[in-house]
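The values are calculated or read from the model by the stated rules, or taken from the named source; none is laboratory data. The structure displayed is predicted, hence computed values, not measured ones. Note that we place each Cβ from the backbone using ideal geometry, even for glycine, and neighbour counts take in every protein chain shown. Each accessible area value is taken on the protein alone, full model and side chains, heavy atoms only, with ligands, DNA and RNA left out. Shrake-Rupley method; radii C 1.70, N 1.55, O 1.52, S 1.80 Å.
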Amino acid sequence: MSNTLSTFLKLHKISLLLAVLSLVFYFTFAYHLERTDFIKLLTLFFALFFLCFKLIQFQKLNFKFLLGIGVIFRFIFLFTEPNLSQDFYRFIWDGHLVANAINPYLYTPNELIKNIATIIPNANQLYEGMGSLSAKHYSNYPPLNQLIFGLAALIGGKSMFASLVVMRFTIILADLGIFYFGRKLLKNLNKSPQLIFWYFLNPLVIIELTGNLHFEGVMLFFFISSMFLLSIEKWKWAAVILACSISIKLVPLLFLPLFFTYLGWKKSIMFYLIIGSTSVLLFIPFYSPDFIGNYTKTLSLWFSNFEFNASIYNIVKRTAVQFNAKPWEFIKIYGKITPILTITMVVLFTFLPKRKNLNKVLASMMWVLAIYYFMSTTMHPWYCIFLVLLAIFTSYRYAIIWSAAIVLSYFAYSQPDFKENLWLLALEYISVYGFLIYEIVAHNNKK
């Protein structure tokens with residue numbers, strides 16, 4: 001046994017050293033980092049990306065080693081509060097509303113805070129923590145997400161920390177599910193199953209999902225499970241699971257038309273009916289006459305009020321301002337145009353490809369989502385994670401570059417007024433667009 005261990009240590013000493021360094025950096029990130037310390041954040045983030053690249057390079061065929069360290073990296077965050085996001089305060093707030101049979105889509109925290117302190121444990125702390133922007137709006141989290149919040153609140157009770165642990169376990173289990181079904185789907189599509197490690201060991205994925213408790217991971221678990229079921233022709237169950245993905249985050253709604261030419265019109269109609277029926281069943285517990293109005297009003301804010309880390313929007317806005325356009329008016333006009341452009345783009349990707357297989361569907365999803373993100377007024381770092389997962393099913397890797405470069409957007413959190421640095425955003429998008437153009441040219445040359 002000792003000889004075996006000695007041989008293992010000799011063969012993998014460099015990889016073990018890289019893994020230990022990663023552990024130290026993740027621990028520092030989790031327990032000794034303030035989001036206002038941009039230089040430290042940037043240094044740790046880029047160091048972790050370098051170590052991730054080298055670990056995959058050295059151990060790409062060692063399935064158990066990479067899986068094991070990926071799980072360990074996630075558990076480092078188990079006993080800490082998120083340090084780059086305050087969204088978890090709203091998650092716990094909504095969870096206690098659900099646990100007390102109060103509809104989170106009908107009341108803003110501002111409306112409830114005076115009367116609900118005795119019902120919601122730590123109500124004042126949650127209210128202060130979520131921030132004034134979240135407190136004045138209705139909840140925008142879909143129903144299945146709300147049920148997870150409610151479960152975390154029920155189990156956690158009066159302890160915010162216990163609720164955090166429940167949510168973190170949920171996200172870790174979801175990531176393990178993505179790993180499992182992602183590998184199986186890669187095999188079914190004749191791709192290397194080792195590609196899943198570009199998702200599973202990606203520092204952005206570990207930090208933003210497990211660390212900062214963003215539920216994109218749970219959405220992606222249902223999404224990738226649905227795609228796996230499609231790959232083995234269990235399309236009815238795939239529709240049910242895809243509806244669950246939409247009921248965590250609405251992003252997969254963008255892709256629904258892309259299944260039309262893949263499934264054919266007869267199966268497609270049934271596929272969409274199953275998705276619609278499942279979604280309605282999930283929304284029914286929260287339905288009331290005011291629900292639709294409140295929910296759509298909140299969602300519309302993402303198109304016409306919020307802006308962060310934007311790409312094309314920043315260029316167009318600054319050009320428009322030069323011609324005396326008013327920024328607060330321009331974003332509302334831009335917000336009305338973006339959905340039209342998005343729908344047009346989805347239609348083109350639905351009907352232009354002549355032959356449809358699941359590889360092409362996933363590639364179309366990647367392009368649709370990338371273009372949507374490029375046009376968006378708001379591009380938070382964790383949004384990029386969906387693109388990272390889709391990209392590993394294609395031959396394009398620009399999404400991995402973006403998942404590293406997008407940390408530059410966190411400079412805004414180091415400023416008292418959350419003002420963005422346009423030079424850093426330019427550097428981020430030049431690296432992404434530059435690598436994307438290089439890949440497109442390289443692919444065309446191969447063809």
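Observations on the structure shown:
- Residues Val218, Val240, ordered by accessible area of protein heavy atoms at a 1.4 angstrom probe radius and largest first, appear as Val240, Val218.
- Computed over the chain, the per-residue total of -39500 (n - 2.57) for DSSP H runs of n ≥ 4 gives a 222 nm mean residue ellipticity of -22000 deg cm²/dmol, rounded to 500.
- Where only C-alpha atoms are counted, convex hull volume of region 287-418 per residue in Å³: 165 Å³
- Here's how it looks for Asn62: its modeled amide H is under 5 Å from none belonging to a residue 5 or more places away or on a different chain.
- When peptides 390-398, 66-74, 242-250, 437-445 are sorted by average Cβ neighbour count within 10 Å, with the highest value leading, the order is 242-250, 390-398, 66-74, 437-445.
- Here region 140-176 and region 59-109 have alpha carbon centers that stand 7 Å from each other.
- Volume per residue that the Cα convex hull of region 266-361 spans, once the total is divided by residue count, Å³: 165 Å³
- Links that overshoot a 32 Å alpha carbon limit, given the list Lys64/Lys158; Lys317/Lys360; Lys236/Lys336; Lys267/Lys317; Lys54/Lys187: Lys64/Lys158; Lys317/Lys360; Lys236/Lys336; Lys267/Lys317
- The per residue volume of the convex hull around the alpha-carbon atoms of region 203-312 is 155 Å³.
- For the chain, the solvent-accessible area works out to 46 Å² per residue, with a probe of 1.4 Å and every protein chain left in place.
- Per-residue HN-Hα couplings for region 135-145 [Karplus 6.51, -1.76, 1.60; θ = phi - 60°; Hz; x = Gly/Pro]: 5, 8, 10, 5, 5, 10, 8, x, x, 5, 4
- For the set Lys13, Lys267, Lys40, Lys64, the ranking by accessible area, highest first and with no ligand, DNA or RNA atoms included, is Lys64, Lys13, Lys267, Lys40 under a 1.4 Å probe.
- Other-chain or far-sequence residues with amide H under 5 Å of Phe308's (modelled H): Thr378, Met379
- Between region 236-273 and region 391-427, the alpha-carbon center distance in angstrom: 30 Å
- For the chain, the share of accessible area belonging to carbon and sulfur comes to 68 percent (1.4 Å probe, ligands and nucleic acids excluded).
- Kirkwood hydrodynamic radius of the chain, from the reciprocal of the average inverse Cα-Cα distance over all distinct pairs: 23.2 Å.
- If the segment from Tyr287 to Ile232 were pulled out straight at 0.36 nm per residue, it would be longer than the present Cα-Cα gap by 16.3 nm.
- Whether region 350-390 is rounded, prolate or oblate, judged on the alpha carbon gyration tensor where a/c under 1.5 counts as rounded: oblate
- Using only alpha-carbon positions in region 344-447, the gyration tensor eigenvalues give semi-axes of 29, 15, 11 Å once each is multiplied by 5 and square-rooted (largest first).
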